[in-house]
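Inspection log for the structure reproduced underneath, given as structure tokens.
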Amino acid sequence: MTGDLTAGEVLARRAARHHLLTPAVEGPAAAARVVCGVHAQIMSAAELSLGLRVAGATRSHVRRALWEDRTLVKTFGPRGTVHLLAAEDLPLWTAALSAVPRPGESWADEVRLTPDRTEAVLAAIVDALRGEPLTAEELGEAVVERTGAWAADPVLPAFGGWWPRWRQALGTAAHRGTVVFGPDRGRRATYTHPMRAVPGFAPADQQTALRFLVRSYLHAYGPASSDHLARWLAAPPAWAADLITTMGDELEAVTIQGAGPLWQLADERPAQVGRPPAEPPPAEALPGVRLLPYFDAYVVGSHPRDLIFPGRAADRALNRGQAGNYPVLLVDGVVAGVWHLRRSGTRLAVTVEPLRALGEARRRELEEQVERVGHILEGTATLTVGRLSVGPHA
């Protein structure tokens, strides 16, 4: 065991690496890389997550990086959820994520794709995406034409309706590097082959990719345990523990205020480790007041949970232990409330529910953050402080 870290040291390190102290200047792709991708099931939340981390950025900068500059790519990332990743890193992400064992499927036998049928769907997706981007309906028709009517069976409950059977394989196709999202066609998403989005794309060597995965995660979220890594990936804990052991001397064990052991990168050891306990970091080493949107990477990937969601914050801002279902008010690196945004044209009504009273200085910081949210989302934001009745996002 190398040493013991204070909670303040860990919070300051993570906040700095997430560009919550000083926004990055390199652009949205650099910000996405350092946080291991940005959850993008709600695109406005992804735009805000990246905008908060890039100096002067708005949602237009994020959209340009995604659809014009192609420095970002939209695909299925960790946990099989939709993410924005740095396009340059896609070969590493696909090689790493395709190596992650999928947990036991919860689908009944009559719903689940068999291994043979999964491979048939995957081959059909590759063949169908040789041309222009396709909507989900168009891709589904192409898959059914190449496989059989069974692929179209509406067996998957989704958003109040039913998805066809073949959709079970879409995330696997993304992790194998054979599909990413294309530009929206009106209100409909499209899918395309990664080579159209990232010229010259080819998955990387798997061992290199898994090392990249562990190092990227621990840089952004360390110190962390193998169980934390497994939860972030939705991977079997035993597999994640074995993966950690392959890193050898690249990792070292530490504790946070006596709790652990947890792992951090040995070549990123803070100066305090192994020395007498340090004084708490100065106030300027913590991010002050921040408004983080749904599924922001800082709260989703950070453990232990009670470090980020202390006391009442766990009851108010977690949903059955899951982080991200509420936008959160962050004060000095920890969750101190929840908030909600209602948009009407360019008018943005922001309601914030703090878990404790905000002093005058914090209130001014909050007003500045609301103004920044308005700038990023290209609207005019107003602030109301009060109780929220909005429930968690699914």
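No lab work stands behind these numbers, since they all come straight from the coordinates. Being a predicted model, the structure only gives us computed values, none of them experimental. When we count neighbours, we look across all protein chains shown, and the Cβ atoms used for this are built from the backbone with ideal geometry, even at glycine.
Brief remarks follow.
- Cα centre as origin, Lys/Arg/Asp/Glu Cβ charges: the stretch 168-241 dipole, Debye: 280
- With the simple model of a label 7 Å out from the Cα in the direction of the Cβ, Gln257 to Asp205 spans 4.3 nm.
- Estimated at 0.36 nm per residue, the fully extended path between Thr81 and Thr246 surpasses their Cα-Cα distance by 56.8 nm.
- Theoretical ellipticity at 222 nm over the chain - DSSP helices of four or more residues, -39500 (n - 2.57) apiece, nearest 500: -10500 deg cm²/dmol
- The modelled label-to-label distance for the pair Ala55/Val25, using points 7 Å beyond Cα in the direction of Cβ, is 0.4 nm.
- DSSP loop trypsin sites (Lys or Arg not before Pro) with at most 13 other Cβ within 10 Å excluded, longest remaining stretch of the chain: 188-319
- Dipole of the chain, positive direction: furthest Cα of Ala16, Ala317, Gly140, with charges on the beta-carbon: Ala317
- Kirkwood Rh and Cα Rg combined as Rg/Rh, the stretch 91-205: 0.96
- Once the chain from Thr384 to Arg196 is taken as fully extended at 0.36 nm per residue, the excess over their C-alpha distance is 63.2 nm.
- FRET efficiency, 1/(1 + (r/R0)^6) with R0 35 Å, evaluated for His393 and Ala149 via beta carbons: 0.50
- When both the stretch 198-224 and the stretch 87-159 are represented by their alpha-carbon centers, they are found 23 Å apart.
- Cβ-defined net charge surrounding Ala259, 14 Å radius [Lys, Arg +1; Asp, Glu -1]: -3
- Placing +1 on the Cβ of every Lys and Arg and -1 on the Cβ of every Asp and Glu, with no other charges, gives the stretch 102-202 a dipole of roughly 340 debye about its Cα centre.
- Distance between the modelled labels on Arg312 and Thr346, one decimal in nanometres: 3.8 nm (7 Å Cα→Cβ projection).
- Gaussian network model of the chain, Cα within-10 Å springs - most flexible of Glu252, Glu353, Glu26: Glu26
- Using a cutoff of 8 angstrom between alpha carbon atoms and counting only pairs six or more residues apart, the relative contact order for the chain works out to 19 percent.
- Positive dipole terminus of the chain, leading residue within Ser344, Ala204, Pro183 (C-beta point charges): Ser344
- The slack in the chain from Arg320 to Ala361, taken as 0.36 nm per residue of separation less the alpha-carbon distance, amounts to 11.5 nm.
- Its Cα centre serving as origin, the chain has a Cβ charge dipole (Lys and Arg +1, Asp and Glu -1) of approximately 920 debye.
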